[in-house]
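Colleague: Starting off with a structure, shown below.
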Amino acid sequence: MPPLPVFRTKADLRQQVTAWRQDGQKIALVPTMGALHAGHLDLIRIAQSKADRVIASIFVNPTQFAPHEDLDRYPRQEAADRDALSTAGCDGLYAPTTHVMYPAGFDTSITPGRVAERLEGAFRPHFFGGVATVVTKLFLQALPDVAVFGEKDWQQLQVIKRMVIDLDLGVDIVAAPTRREVDGLALSSRNAYLSDAERAAAPVLKQVLDDLALKVRDEPAQLAMHMEAGIKRILSAGFRAVDYLEVCHAETLSPWQAGDPARILVAAWLGQTRLIDNCGLD
Ligand code: PAF
């Protein structure tokens, strides 16, 4: 297997992308923060089905972490990630340093609108601005035709879709279904933080989402009661707090009204680890 080309600078990345473009090849980008798992490799496979060349990026983006969050302890394992990408047949890794992404004097950011206000936006007010800014920069650096994002971060996916339309970024956004463990826990790089007891409790999130999906469909008038029961069930399974458990409009993330396309989203704390998940009604 040929070694995976690794680009550390915008100039090196651009040189390769420009050469592929001159050959008429279509390019896909899979933005990640590394600590890759099977869910990320699904994104690579989907990208390969949409384009001739696939670049993955690994950048643990400081602007989407608040000072009290887990930026320092976020898992970093670039050598293992490079092996996984190479085995998956990825065509290149873009792994810029913080200095390359945010050189001295950096002073411009993107502020997403209403789709970013509620849920994650309410609990992590810095988060979507940081994501929108770095994703825009990654798009302008890599100039992809297509970019693939996981449905696991459902609100992030909607924020990015809205931003691409609003700013005419000209990148096709493709959504990848959430990859799960056999017991239903959504794969996440943060699952590595869980103790054995926490890991055993974690699948309740998906169980509650699945039950609520049936209830929202069959008894929408009883929504508030079902939500309250869902929160109690998550807490009795061992979670320490539930930031939100809500049914929302699937695209705008505004509060759900009967007839809207629906998505149920949850964020909850197991010890020091915050897990998020979501599901549709089908
Ligand atoms: O979903 C992630 O891993 C990150 O939020 C992203 C999209 C790579 C931006 O840093």
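The values are calculated or read from the model by the stated rules, or taken from the named source; none is laboratory data. What you are looking at is a predicted structure, and each value in this text was computed from that prediction instead of being measured. All Cβ positions, even for glycine, are placed from backbone atoms using ideal geometry, and neighbour counts span all protein chains on display. Each accessible area value is taken on the protein alone, full model and side chains, heavy atoms only, with ligands, DNA and RNA left out. Shrake-Rupley method; radii C 1.70, N 1.55, O 1.52, S 1.80 Å.
Colleague: Which residue out of L281, L270, L265, L214 is surrounded by fewer than 21 Cβ atoms within 10 Å (Cβ to Cβ) and in contact (Cβ under 8 Å) with a residue 60 or more places away in the chain?
Modeller: So the residue among L281, L270, L265, L214 that is surrounded by fewer than 21 Cβ atoms within 10 Å (Cβ to Cβ) and in contact (Cβ under 8 Å) with a residue 60 or more places away in the chain is L281.
Colleague: Next question. Given the options G113, G130, G105, G92, name the one that is open to solvent by less than 10 Å² (accessible area, probe 1.4 Å) and away from the ligand (no atom under 15 Å from the Cβ).
Modeller: Answer to the selection: G92.
Yes or no, residue by residue, for (1) within 16 Å of the ligand (Cβ to nearest atom); (2) over 26 Å from S109 (Cβ atoms); (3) within 18 Å of the chain's Cα centre (by Cα):
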{"position": "A19", "(1), (2), (3)": "no, yes, no"}
{"position": "G24", "(1), (2), (3)": "no, yes, no"}
{"position": "L29", "(1), (2), (3)": "yes, no, yes"}
{"position": "I46", "(1), (2), (3)": "yes, yes, yes"}
{"position": "F59", "(1), (2), (3)": "yes, no, yes"}
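Colleague: Same structure again: All but one of (1) under 23 Å from T111 (Cβ atoms); (2) in contact with a Gly (Cβ under 8 Å, 6 or more places away or on another chain) hold for K206, so report the exception by its number.
Modeller: All conditions pass for K206, except number (1).
Colleague: Sort through A175, A202, A224 and tell me the only one that's within 16 Å of the ligand (Cβ to nearest atom) and either under 24 Å from G280 (Cβ atoms) or touching a residue at least 60 places away in the same chain (Cβ under 8 Å) (or both).
Modeller: One residue alone meets the criteria, A175.
Colleague: Out of the residues in the range 51-73 that are out of contact with any strand residue (DSSP E or B) (no Cβ under 7 Å at 6 or more places or on another chain) and not in a loop (DSSP other than H, G, I, E, B), which is least open to solvent (accessible area, probe 1.4 Å)?
Modeller: Q64
Colleague: Looking at the structure I just gave you, is A84 surrounded by fewer than 18 Cβ atoms within 10 Å (Cβ to Cβ), more than 16 Å from the chain's Cα centre (by Cα) and not in a loop (DSSP other than H, G, I, E, B)?
Modeller: no
Colleague: Among the residues of the range 248-257, are any part of a helix (DSSP H, G or I) and either in contact with a Leu (Cβ under 7 Å, 6 or more places away or on another chain) or in contact (Cβ under 8 Å) with a residue 12 or more places away in the chain (or both)?
Modeller: Checked against the condition, which is being part of a helix (DSSP H, G or I) and either in contact with a Leu (Cβ under 7 Å, 6 or more places away or on another chain) or in contact (Cβ under 8 Å) with a residue 12 or more places away in the chain (or both), the range 248-257 yields no hits at all.
Colleague: Collect the residues in the range 148-167 that are outside any helix (DSSP H, G or I) and either over 22 Å from G39 (Cα atoms) or more than 9 Å from the ligand (Cβ to nearest atom) (or both), keeping them in residue-number order.
Modeller: The answer is V148, L167.
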